[in-house]
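In what follows, a structure is listed as structure tokens, so that the remarks can point back to it.
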Amino acid sequence: MGCCSHAKLKSSLVLLNILYMLIGLIMIAVPAFAYSMNYFTSYSLIGSLIGAGVFLFLFSFLGLCGALHHHQVMLFFYMVVLGLLCIVQFASSITLVAINKEQQADILNKSWVGASNNSRQEVQKAMDCCGFDQNVTDSIIPVQNCSALPCCANLYKTSETQCFLDEKPVNATGCEPCIHKVEEQFAYAAQVSGAVGLFFSFTELIGIVLAIQYRNTKDPSRAYSFPGHGGFAK
């Protein structure tokens, strides 16, 4: 029974860490591919995603080695780090799921103000919109390159602000403010990210339980065990 439990715990922990390693590789490969194809040019965003992928891969490799060798020290650090990640990810996921519309608008406004001109122009080009709210924020940060957008190119406007949405005609003309298009995608992304984060925090909790149980079992294939490698001799 002990041998069966040891083998099952080991297999479960190995499979869980292999899954995390695959996710880490995806987090490294996808942003790198997107950058190479010029889908994104934000160095901070690409670097953050690749850095998170590298950390997850190395952390999973630590857990995999600890599981394969039944190494007490590796498993201990694995449990501690996994516990901290579980707490942070659970709290972040709950925040994303519970965020309201006013908080979304405030976050988007701060992101727009803090973004570079190139990043703002990329958003305008991708979503065919002009400015952030065509109100207070755009009076602080003047809009740029709106006249080259498809929503304004055929209106023959002489200034960027003339590309703003004009709702007075029967058929509204001009470009919508970007907040109208971004906030819908942001709300959807926040809900999906929160749900995915909650799911992974649950898998991390399972990993903690497996690591604790596996660490406290003795390897039946060893007649003698040494400190740091499965406990002490019987």
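The values are calculated or read from the model by the stated rules, or taken from the named source; none is laboratory data. Since we're looking at a predicted model, the values are computed, not measured. A quick note on method: Cβ atoms are made from the backbone with ideal geometry, for glycine too, and the neighbour counts reach across all protein chains shown. SASA here: full protein model, heavy atoms, side chains in, ligands and nucleic acids out. Shrake-Rupley method; radii C 1.70, N 1.55, O 1.52, S 1.80 Å.
Quick one: in the range 92-136, which of the residues that are polar (S, T, N, Q) and closer than 22 Å to residue 173 by Cβ is surrounded by the most Cβ atoms within 10 Å (Cβ to Cβ)? Within the range 92-136, the match that is surrounded by the most Cβ atoms within 10 Å (Cβ to Cβ) is 124.
Residue 168 satisfies every condition listed in (1) surrounded by fewer than 17 Cβ atoms within 10 Å (Cβ to Cβ); (2) modelled with pLDDT of 80 or more; (3) of a type in the set (D, E, K, R) except (2).
Residue count for the range 64-73, restricted to those that are open to solvent by less than 60 Å² (accessible area, probe 1.4 Å) and assigned to a helix (DSSP H, G or I): 5. Counting just the residues of the range 78-91 that are under 19 Å from the mean Cα position of the chain (by Cα) and open to solvent by 60 Å² or more (accessible area, probe 1.4 Å), which one comes out nearest to residue 213 (Cα to Cα)? Applying the filter and picking the extreme gives 84. Only one entry of 61, 33 meets the criterion of being open to solvent by 70 Å² or more (accessible area, probe 1.4 Å), within 23 Å of residue 199 (Cβ to Cβ) and either part of a helix (DSSP H, G or I) or at pLDDT below 85 (or both), and that entry is 61.
Conditions (1) under 18 Å from residue 20 (Cα atoms); (2) out of contact with any Ser or Thr (no Cβ under 9 Å at 6 or more places or on another chain); (3) of a type in the set (A, V, I, L, M), marked per residue:
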| position | (1), (2), (3) |
| --- | --- |
| 62 | yes, yes, yes |
| 65 | yes, yes, no |
| 68 | yes, yes, yes |
| 75 | yes, yes, yes |
| 81 | yes, yes, yes |
| 85 | yes, no, yes |
| 90 | yes, no, no |
| 100 | no, yes, no |
| 104 | no, yes, no |
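Set side by side, the residues 97, 113 differ, and just one is modelled with pLDDT under 85, closer than 30 Å to residue 212 by Cβ and either out of contact with any helix residue (DSSP H, G or I) (no Cβ under 6 Å at 6 or more places or on another chain) or assigned to a helix (DSSP H, G or I) (or both), which is 97. Residues in the range 36-46 that are open to solvent by 40 Å² or more (accessible area, probe 1.4 Å) and assigned to a helix (DSSP H, G or I) were compared, and the one that is modelled with the lowest pLDDT is 45.
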